[in-house]
Amino acid sequence: MNRFLIAALLLITTSCGLTDSEPGTDSGAYTVAFTAQGSAGEATDYLFNTPVLDAGTISAEGVGIEQTGWRYMYGLDGTVFSVGYYDDNNAIAYRLDSRGRLAEAGRFVFENTLDVFGRADANTLLAMEVPRIGFADRVLHVVDVNSVSIRSKTGLRIWESTSDSLVAWPTALVVRDGKLFIPFYKIHARGDFSTPQTDTAFVAVYSWPSLQFETYLTDTRTGPLGVYGLFNGLVATENGTLYGYSSASLANGFTTRQKSSGILRIPAGTTAFDPAYHFDVEAVAGGKINFMEYVGEGKALANIVTDDSVVWGSFSATNEIHKLVVLDLEARTSTDVAGVPAHGGFYGKPWFVKDGVAYMSVTTATGAAVYRVDVATAIGTRGATIAGKELKGIYRLGDGR
Amino acid sequence: MLDTSGNPIAGVAVVVVGTTQGTYTDPAGRFDLGRLSGPFTIRFTSVGYETVQQVQVLDPVSNLLWEIRMKEDVVGLEALVIEARTESAVLRRSAFSVAGLDLSLARAASTTLDDLLRASPGVVVRKEGGLGSRSEFALNGLSGRQVRVFLDGLPLDPVGGSQVLADLPPLLVDRADVYKGVVPVTLGGDALGGAVHLISRPTDVPFTDVSLSGGSFHTAKGAITHQSVVGGNFLRVSGYWNRSANDYRIRVRIPDPQTGTYGPEQSVERFHDGYESRSIQAEVGVRNLGWADEIRLLGQLHDQTDEVQHAVSLDRVFGRVRNWGRGASVGGFWRKRVGVLDFQVRARHYLRESGVVDTSAVTYDWTGGWVPKNNPSIAESSWNKTLFRYTDAATVANAVLVAQAVPRRRWEAAYTLSRLQRRGNDPLSRYPVAFESPNTLLKHTWAISHSRGSATIFAKLHHASGFTTSVDFDGMRSSQRSSYTLPGGGIALSHRIGAWLWKASYERTLRIPDAYEQFGDGLLLLPNPELKPERSHNANFGFLAETESGNHRFLLETQVFLRAVTDLIRVEAVGLTARHLNQRQVRSAGVEGVIRYSWNRRLTLENSFTWQDLRNTTRTEDGRPSYVYGDRIPNIPFWIMSQQATYTGSWFDLGWSGYFVESYFLKWPSLGSADGKHRIPRQYTQAVRLGLGPSGSHHRLTLECLNLTSARAYDHFRLQKPGRSFHITYRFHLR
């Protein structure tokens, strides 16, 4: 009977021509993964559409599809994956339905946890299970996006040293020209995430899609590439150049800091670090990189750690130890973004970038808001207030359909 | 046995003075002393009546009948109010908000204490599954560590209080008293939200009591207690054994192992959820020594094993991982009365070892099949194979001094000590494990109370100190210490107006953070030595009304309660690490009550209800405005009803019970769209019971059907409780 009622209501609203502005604001140009802030230290994610990011308030009050447990969010074109960590070993895919409403497209179950994600092609998600203790395979899950199901699982060792008791923690999964690039850093196998060696950058290269190991790229001009819990250890430009950033900061979960934080690149068509290119970001920006997103035309946005005194400090949303900068990767310069306050950190890959503009969720000790950053002018503008902890992701699923 | 108006009195103790013979009157007031001959002094005692003593010449051949009338003793009731040992009905009249649980029928059934307690207003018991599954006890909205469980005057929290409620058979317990929010000084300790006091069976009469039960899901239970009494001295031996495979059916969707996509919902049998617990205890008591009116010594052994069926998610099925525990304890009691002073000292020392066995790199599915994990070096439920175990050494002790020079005026002073040391190790781990350096927490409570008539005023002083050493990833050793001293106190008043007894009570309570919260686990849970105690204002106001007309009796009891809790401790995650913080504020307010009708002491109809409203009163979260200020605290039931009907005949008893919990949200009610939110569904479960055996007989057989309609019931999100089950219990009771 309820179904009939809903069908009847839908008919009425359709016939009234109200499809674009249904009550409950589950419509609009953007989809957000909104993290509410509870009172017991818990934070629940809600996924919903919102028409505008520049003004007003984004709130889950009465709207949103509720998620369970702590989750990573990963957007791949027209699909956003909500991936449970620890409590829930499943990934749920959401897409816009024919009427523009957010709807579940399917879900799949995995064995343990998935820790890092990447896009292989429009229909292929890469997700890797990374054991946090001992010497063990890192299991690459190749996921079919359309059918929301696992196509294959392959154990990759990536790198390990039993004599030093060190194993690899990957920080990105990037496919380019028939190769899979996996930047990683070395953690202690006892599982406390201590990092005794942070003096070299590493990338493991595998053939794609056959996943045969090919080579390691190493470089001692900077430390290991990428950061735990963030998926951008290596990012690709429009022409296929790969840029990787090293952090090796206490705030990002490293326990030694043996090199200045900087950027290396792997030019398009090659599988080697460019010996002529090293961007010592720490020297020009005054701090180590926490997260970097490529914007276009040789420019990137990055969070820079301004207070590197506390281990794991970057992962607290309210710990205001980051400043936002525009990095000119060619000119190797850094420009502080005006108008964005010092802010806390996050997990995943939360910034939305399009046409030289970035939308990002910025959480400070006093509140959270969306900021619109114009990369050309390095000016940020405060947009919608976030009535919660943060946005784990901002997506335009309609563009990817 | 009749009262002054000629109605029969049940439950009157009949003791042949100078012998070990004794019995109780049945509901018709009759009793049978067996085959005795000669002149004997017979004493009749019952709470609420004046004691009667008569000399009779007993003759085993002729069936001697004589009539005894007892007079109601109202004054005695008032004076008994704060005695440790009073009947449930008397306890009800105390100024404290306290419910006494009558276990007389439960002793002949397979029911657990926590199932009995949840029928009391204000009490919520939530279970994850079947026998031995994790059980959470809540009182007026506060739960877990905030509610303390006491056994014979000593706190059980160093040894896991609420688990005892699921394990301990009612056969071994005389009474369970539930103190709501305001706790008398004789139960020393930091009970933020109230306490449950379990009282062992009295030591003055000899008895043998055995119960054996079997039922669905391969459940078997046994309990025995035997007590010999010689000239006031006693020896008691008790033991129990609980076991269940918990192989009940649940509804799941099984994912394809290759693609990870779900199949259709289907019914499966749980296959790795067994639970077994065993305990044996011996206690000896000697009375009338020069230096002591009474001393008692006891020793106890206990063990349990618990198979784990799945993780938080039903998608992660286990077939081998299990938890285990074993322990031993010794205890003592000393009592001496000097003039108007009554001095009592109790102490108990526990040694307990608990651990997990997770050594198989396998993945199970709901059909019971398994495959090796792609990584042979990790374990079934953890990242690393583990035989982690921790050892607790706990001492609890309590000294009480009661002074009563004149009736209805009483002083009580009490001191309670609790010391817990926890140490962990893992023979499989080559790396540091949690609690490798021991955590120690020492708590003292001093308390004094004065009662005058029906008013009691009391004060408590709490002191706690803790110490730990931890080693960080660089091998740096650091030590943490903490120390607090904090006062508390309260008042309890009652006033009778006709048939109405009005009661009000208030206490400023606190709970000292435990060693785990203060010092972490030595790994990713970081210490916070600055953690403060949780504090609460607890207030109760209510009335009790009883009327009697002919064979009809009515009882109505209602109270409103308020718990305003500040500095609640919560976990704050910082990257991969976490620590405990004082941040939350919660206000729990509500109303609870019970209405009962009984006819001729044979038929009883009862309905109890609890409506509680827990609200988040935390205005800011880490300095940011809270958007859930004033919202109802999620994942806690707010509307609970419990119904019972029993009929006691001369050779049978018949019982029916119903338990209702309204649906509630898993997450904050204000957030999310109505169709996109997770709920714990409404549950209504019913049980029926038939007990067979002539009254006065030593044998009784009880048949039970639990979850009669096989309702799909949940106390926790996605964790389905057992469906319909049948149990048969035989009890042999000799006294």
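The values are calculated or read from the model by the stated rules, or taken from the named source; none is laboratory data. Every value quoted in this text rests on a predicted model; they were computed, and no experiment measured them. Using ideal geometry, Cβ is built from the backbone for each residue, glycine included, and neighbour counts are taken over all protein chains shown. For accessibility, only protein heavy atoms count, side chains too; no ligands or nucleic acids. Shrake-Rupley method; radii C 1.70, N 1.55, O 1.52, S 1.80 Å.
Label separation (B:Ser697 vs B:Arg508): 5.9 nm, computed from points 7 Å beyond Cα along the C-beta direction. About the centre of its Cα atoms, region B:297-404 shows a dipole size close to 560 debye [charges on the beta carbon of Lys, Arg (+1) and Asp, Glu (-1) only; nearest 20 debye]. Measuring between alpha carbons in the structure, the pairs from A:Lys186/A:Lys323; A:Lys299/A:Lys349; A:Lys389/B:Lys667; A:Lys153/A:Lys392; A:Lys299/A:Lys354; A:Lys323/A:Lys392 lying more than 20 angstrom apart are A:Lys186/A:Lys323; A:Lys153/A:Lys392. Projecting the Cα atoms of B:Thr386, B:Val396, B:His302 onto the dipole axis of region B:207-734, where Lys and Arg carry +1 and Asp and Glu carry -1 at the beta carbon, places B:Val396 farthest toward the positive end.
At the residue level, B:His218 shows approximately 130 square angstrom of accessible surface with a 1.4 angstrom probe and all protein chains present. Building the convex hull from the alpha-carbon atoms of the protein assembly as shown and averaging its projection over directions returns 46.3 nm².
Considering chain A, its Cα convex hull presents a mean projected area of 19.8 nm².
Computed extension length for B:Arg326-B:Glu530: 70.1 nm, one decimal, from 0.36 nm per residue of separation with the Cα-Cα distance subtracted. Applying a DSSP loop filter and a limit of 16 other Cβ atoms within 10 Å to the trypsin sites (Lys or Arg not before Pro) in region B:502-557 leaves nothing. Considering helices alone, the calculated mean residue ellipticity of the protein assembly as shown at 222 nm is -1000 deg cm²/dmol, with DSSP H runs of length four and up weighted by -39500 (n - 2.57) and normalised per residue. As a test of the definition: which semi-axes, in Å, follow for region A:137-292 when you take the square root of five times each eigenvalue of its alpha carbon gyration tensor? Largest first, please. After diagonalising the Cα gyration tensor, the semi-axes are 24, 20, 14 Å. Qualifying chymotrypsin sites (Phe, Trp or Tyr not before Pro) in region B:250-301, where qualification requires a DSSP coil assignment and no more than 12 other C-beta atoms within 10 Å, comprise B:Trp291.
Normalised per residue, the accessible area of region B:207-734 is 44 Å², obtained with a 1.4 Å probe and no contribution from ligands, DNA or RNA. Using heavy atoms of the protein chains and a probe of 1.4 Å, the accessible area assigned to B:Leu235 is about 80 Å². Of the peptides A:317-325, A:304-312, B:492-500, the ranking by mean beta-carbon count within 10 Å, highest at the top, reads A:317-325, A:304-312, B:492-500. The magnitude of the dipole of chain B, with charges of +1 and -1 set on the Cβ of Lys/Arg and Asp/Glu and taken from the Cα centre, is near 600 debye. Per residue of A:308-314, other chain Cβ atoms within 10 Å of the residue Cβ number 3 on average.
Averaged over peptide A:139-145, the number of partner chain Cβ atoms lying within 10 Å of each residue's Cβ comes to 1.
Scanning chain B for GluC sites (Glu not before Pro) in DSSP loops with at most 11 neighbouring Cβ atoms within 10 Å leaves B:68-529 as the longest stretch between them. Take each residue of peptide B:615-626, count the partner chain Cβ atoms within 10 Å of its Cβ, and average: the result is 4.
Put a plus charge on the Cβ of each Lys and Arg, a minus charge on the Cβ of each Asp and Glu, and nothing anywhere else: the dipole of the protein assembly as shown about its Cα centre is then about 2580 debye. Loop-resident trypsin sites (Lys or Arg not before Pro) (DSSP state other than H, G, I, E or B) in region B:384-468 with no more than 11 further Cβ atoms inside 10 Å of their Cβ: B:Arg430. Could you name the lysines in cross-link range of B:Lys443, using Cα to Cα under 17 Å and dropping any fewer than eight places away on the same chain? Straight-line reach from B:Lys443, under 17 Å: B:Lys460, B:Lys532.
DSSP beta bridges confined to the protein assembly as shown are antiparallel in about 95 percent of cases.
With a Förster radius of 25 Å applied to the C-beta separation of B:Arg553 and B:Phe732, the computed FRET efficiency comes to 0.20. A dipole drawn for chain A from +1 and -1 charges on Cβ atoms has a positive end, and of A:Leu225, A:Gly106, A:Gly64 the residue lying farthest that way is A:Gly106. Coordinate range of the alpha-carbon atoms in region B:207-734 per principal axis, descending: 74, 56, 54 Å. What angle, in degrees between 0 and 90 and rounded to the nearest 10, separates the Cα long axis of helix A:2-15 from the longest principal axis of the Cα atoms of chain A? Its long axis makes an angle of about 90 degrees. Each part reduced to its alpha carbon centroid, region A:101-117 and region B:609-668 end up 33 Å apart. With Cα atoms defining each centre, region B:334-363 and region B:203-221 are spaced 23 Å apart in the structure.
Look at the alpha carbon pairs under 8 Å that are at least 6 residues apart: their mean separation over the length of region A:112-151 gives a relative contact order of 32 percent. Measuring nothing but how far apart in sequence close Cα pairs (under 8 Å, 6+ apart) lie, relative to its length, chain A scores a relative contact order of 13 percent.
When the Cα positions of A:Val174, A:His278, B:Phe435 are compared along the charge dipole of the protein assembly as shown, B:Phe435 comes out farthest toward the positive end, with charges on each C-beta of Lys, Arg, Asp and Glu.
One decimal place: the segment A:Arg151-A:Ala272 gains 40.6 nm when fully extended, by the rule 0.36 nm per residue minus the C-alpha distance. To the nearest 0.05, how large is the calculated FRET efficiency for A:Glu330 and B:Glu269 if R₀ is 51 Å and r is the Cβ-Cβ distance? Given R0 = 51 Å and the Cβ-Cβ separation, E is 0.20. In chain B, Cα pairs under 8 Å separated by at least six residues give a relative contact order of 10 percent. Separation of region B:527-571 from region A:238-315 is 57 Å, based on Cα centroids.
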